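Remarks on the structure that follows.
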Amino acid sequence: MREQASVDRLIGLMARLPGLGPRSARRAVLAMVRRRETLLEPLAAALADVTATVRECARCGNIATAEFCEICADPARATGELCVVETVADLWAMERGGAFGGRYHVLGGVLSALDGVTPEALRIPELAARVQGEAVREVILALNATIDGQTTAHYIADALEPLGVTVTSLAKGVPIGGELDYLDDGTIGAALLARRAL
Ligand SMILES: [Zn+2]
């Protein structure tokens, strides 16, 4: 029964991962156990490697294998532009876009009265310190277009106002390849407000 308990424990842990419920966790674990050499052992080694080497960047909150992440360690990224994102996943999404050459600041969430997330729980005091310490000219808020995301954006804009830094946010509107007829009313309204001269 001891073997079964260890497998159950693994399933229970896997089921806590985003996108996996108990059912898919069970399927994943059984697949791993069946493929010991090609899946289970390399996965265990990869987990141990990540556990031993990966940590949080001391400056921006990105994933790093040293004190600072690759982006913070790259002097070419010290452009005076700082992009604020909610999560590391959002940072990576911005990087995939390939259009931003500056540095990032990962909040680790958004303000939420419902969930009791306060400014102190996010990395907002650290953001203000960076704006002053790194000669930042522009803070670009790339927060999600949710109510909590926008509340957080306004809070940050107010908090940074005394520092005299330009605060901008990503445009909201028609996605590339999008058709107007398929967009929701809120998106069309935001796109109209964010219109610009051709
Ligand atoms: Zn970093």
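The values are calculated or read from the model by the stated rules, or taken from the named source; none is laboratory data. In this text, all values refer to a predicted model and were calculated from it rather than measured experimentally. Note that each Cβ is placed from the backbone with ideal geometry, even for glycine, and that neighbours are counted across all protein chains shown.
Among the residues of the range 68-78, what is the count of those that are of a type in the set (D, E, K, R) and loosely packed, with under 12 Cβ neighbours inside 10 Å?
0
Just to be sure, is I124 surrounded by 15 or more Cβ atoms within 10 Å (Cβ to Cβ), closer than 23 Å to R55 by Cβ, out of contact with any strand residue (DSSP E or B) (no Cβ under 7 Å at 6 or more places or on another chain) and among the β-branched types (V, I, T)?
yes
If you check A58 against the conditions, is it among the small types (G, A, S), within 30 Å of E134 (Cα to Cα), surrounded by fewer than 18 Cβ atoms within 10 Å (Cβ to Cβ) and in contact with a Phe, Trp or Tyr (Cβ under 7 Å, 6 or more places away or on another chain)?
yes
Residue by residue, here is whether (1) surrounded by 14 or more Cβ atoms within 10 Å (Cβ to Cβ); (2) within 28 Å of P119 (Cα to Cα) holds:
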position: T146; (1), (2): no, yes
position: Y155; (1), (2): yes, yes
position: E161; (1), (2): no, yes
position: Y182; (1), (2): no, no
position: D185; (1), (2): no, no
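Suppose we keep only residues that are under 11 Å from the mean Cα position of the chain (by Cα) and crowded, with 18+ Cβ neighbours inside 10 Å within the range 95-110. Which one would you say is modelled with the lowest pLDDT?
It comes out as V110.
Do we have R130 as among the basic types (K, R) and under 17 Å from R59 (Cα atoms) here?
Values: among the basic types (K, R): yes; under 17 Å from R59 (Cα atoms): yes.
Here the answer is yes, as R130 does meet what is asked.
What are the pairs, 6+ residues apart or on separate chains, where a residue within the range 163-185 that is small (G, A, S) has its Cβ under 8 Å from a residue that is part of a strand (DSSP E or B)?
Correct list of pairs: S169/I140; S169/L141.
Please state which of the following conditions C69 fails to meet, knowing it meets all the rest: (1) more than 24 Å from the chain's Cα centre (by Cα); (2) at pLDDT 95 or above.
(1)
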